[in-house]
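Here's the structure we're looking at; comments come further down.
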Amino acid sequence: MKHSAQIIVCCAQKGGVAKTVTTHNLAVALSQTGKKVLAVDMDYQSNLTCCLGIEQPNDLPVGIAQLLEAELHDDDLPEPESYIQHCGSIDLIAASTYLSAVSETMRLEMGSERFLADILTPLRPLYDYILVDTGPKLDNLNINALVAADQVVIPVNPQYLSAMGLERLMATIAKVRRRFNPNIEIAGVLLTMCEKRTTLCQTISNQIRQEYGSVLHVFQSTIPMTVKVGESVYFSKSVIEYCPSSPAATAYQAFAQELLDQGKLRIVAKAELQKEVES
């Protein structure tokens, strides 16, 4: 079977839920297990790009905005060497503020929902995982990410959870599955920024597991609130690199292992299904 990276999109219809921090730390955790990881920044605020140490993303000649623009004009894509940044153990397709302008143009283009999928398809054989960070709005950039996705991780901050917001995102994913990407799966809900000592956090965490546990996987790993995460972002590092012994670093590594274990189970299930079909 030909090798093909799993595309995992970190998505939520809300800011302040640690999407970018989760994407960054998941990338580092997976790379530490020997996996080859490409991160893609699909947010024109360029937070993931900056977290990976690129301080002036607008100075890069080619990033995700220029690749999407090439798709708009039916131009050939440049060679990967011209737009993939090497950031330690992680490769990156960077974002810039120009992505906002390209996004506006894409709204008028028929079939633009598939642009990111077309860009990432030739890169799949080169990586084990492609992780896509998204912005807080459900715009055409996020739709592009979902159309390209194999799996979606939904970070939820229990301090600010709106059950209706989670339901809206699930409804959007269901539409994407019907119209564009029948293979998209929700890997699960990741509880982030958890103040386990507070009654509110415990109450809402239990509520999520009770209300959605039958239809959504809720990861056992929960990411605690800690100042070490903020400090790591300031120094353009993952918390795993900045403070490996911190509870948040340990939690992100455990979360990555859960995803890896999920992937192994999925491979076994597909192999068994194939055997049944062949017999």
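Take each of the peptides 195-207, 44-56, 176-188, average the number of other beta-carbon atoms within 10 Å over its residues, and list them starting from the highest.
Values: 195-207: 13.6, 44-56: 20.4, 176-188: 15.6.
In decreasing order of mean packing, 195-207, 44-56, 176-188 become 44-56, 176-188, 195-207.
Extending 7 Å from Cα along the Cβ direction at Ala254 and again at Asn183 yields two label points whose distance is 3.2 nm.
Taking label positions 7 Å along the Cα-Cβ direction at both Lys36 and Leu126, the computed distance is 0.9 nm, reported to one decimal.
Separation of the alpha carbons by more than 22 angstrom is noted, of Lys137/Lys264; Lys137/Lys196; Lys35/Lys237; Lys19/Lys228; Lys196/Lys237; Lys14/Lys175, for Lys137/Lys264; Lys137/Lys196; Lys196/Lys237.
Quick one: work out Rg over Rh on the C-alpha atoms of the stretch 6-219, Rh as Kirkwood radius.
On the way: Rg = 17.0 Å, Rh = 17.6 Å.
With Rg and the Kirkwood Rh in hand, the quotient comes to 0.97.
Going by Cα centres, the stretch 110-162 and the stretch 10-86 are how many Å apart? So the separation of the two Cα centres works out to 11 Å. Annotation: the residues Phe115, Phe219, sorted from fewest to most other C-beta atoms within 10 Å of their own C-beta, follow the order Phe219, Phe115.
Taking every DSSP beta bridge that has both ends in the chain, the antiparallel portion is near 15%. A full extension of the chain between His86 and Glu195 corresponds to an added length of 35.8 nm, given 0.36 nm per residue minus the alpha carbon distance.
Modelled spin-label separation between Thr203 and Ser236, with each label point placed 7 Å from Cα along the Cα-to-Cβ direction: 4.3 nm.
Applying 1/(1 + (r/R0)^6) with R0 = 35 Å to the Cβ-Cβ distance of Lys264 and Lys175 gives a FRET efficiency near 0.75. Taking square-rooted eigenvalues a ≥ b ≥ c of the alpha carbon gyration tensor, is the stretch 82-126 rounded, prolate or oblate, where a/c under 1.5 means rounded and, failing that, a/b exceeding b/c means prolate? Oblate, since a/c reaches 1.5 and b/c is not below a/b.
Read-outs: derived from the displayed coordinates by stated rules, not from any lab. All of these numbers come straight from a predicted model, not from anything done at the bench. Don't worry about glycine lacking a Cβ; one is built from the backbone with ideal geometry, like all the others, and counts go over all protein chains shown.
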